[in-house]
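Read through the structure below, which is laid out as structure tokens, and then see the notes.
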């Protein structure tokens, strides 16, 4: 590992943690390094990520706190703790109101979690977030995909079959986009090989 990526470990063990803490002790912006390192571990070692984020939040205010909460949600979700994940996403959304120039995908993460896990007691909140972030306003194909996917699953659960199928078809159409339209970043914001489980669920919804 190079000198400049000591805070981007994708695995975590006693030796790695000791090396990270040694570097961190000499760093000026400790909040930045704790948050970034946690973000690299949310899937591979969510418990370690949560521990690092606890240290990050304990340092006090930070402009990027919304991203910290969003990463915390991903770690909770990796552990199967959906309600805790939603609580963290609500904190991210609140932070975006306080610091509006730093945005995350907390709104789409919230809606997709609620939709995929059939958390019907959160449907109203998820639909509210979708209304506040309409699909037509999304620059990237992936965020349009997530919007339509969440709406399709919630609409289907609520018995709105026609609306669900139409939204599912729109989602899969967004998933098929292969060029972002950005000249120098043609793959920016495309769905690509991600979200296979969600794509299959949408395909089943259409065929039923």
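Which residues, counting only those in segment 130-154, are under 15 Å from the mean Cα position of the chain (by Cα) and surrounded by 24 or more Cβ atoms within 10 Å (Cβ to Cβ)? Once the filter is applied, which keeps residues that are under 15 Å from the mean Cα position of the chain (by Cα) and surrounded by 24 or more Cβ atoms within 10 Å (Cβ to Cβ), segment 130-154 yields 144, 145, 146, 147, 149, 150. Of all residues in segment 155-208, those satisfying the criterion of being more than 21 Å from the chain's Cα centre (by Cα), part of a loop (DSSP other than H, G, I, E, B) and within 25 Å of residue 128 (Cβ to Cβ) are 158, 159, 160. Is it true that residue 88 is touching a helix residue (DSSP H, G or I) at 6+ places or on another chain (Cβ under 7 Å), more than 20 Å from residue 198 (Cβ to Cβ), assigned by TED's automatic domain parsing to the domain that holds residue 18 and free of Cβ contacts under 8 Å to residues at least 24 places away in the same chain? In short, yes. Taking the criterion of being under 22 Å from residue 101 (Cβ atoms) and either touching a helix residue (DSSP H, G or I) at 6+ places or on another chain (Cβ under 7 Å) or surrounded by fewer than 14 Cβ atoms within 10 Å (Cβ to Cβ) (or both), the residues of segment 16-32 that qualify are 29, 31.
Against the conditions (1) over 28 Å from residue 187 (Cβ atoms); (2) outside the structural domain of residue 189 (by TED's automatic domain parsing); (3) in contact (Cβ under 8 Å) with a residue 24 or more places away in the chain; (4) in contact with a helix residue (DSSP H, G or I) (Cβ under 7 Å, 6 or more places away or on another chain), residue 63 satisfies every one except (4).
Scanning segment 50-98 for residues that are outside any helix (DSSP H, G or I) and either under 28 Å from residue 21 (Cβ atoms) or modelled with pLDDT under 95 (or both) yields 59, 60, 61, 62, 63, 64, 79, 81. In the set (1) in a helix (DSSP H, G or I); (2) within 14 Å of the chain's Cα centre (by Cα), the condition left unmet by residue 103 is number (1).
The values are calculated or read from the model by the stated rules, or taken from the named source; none is laboratory data. On a predicted model such as this, the values are computed, not experimentally measured, just so you know. Reconstructed Cβ throughout: ideal geometry from the backbone, glycine too, with neighbour counts over all protein chains shown.
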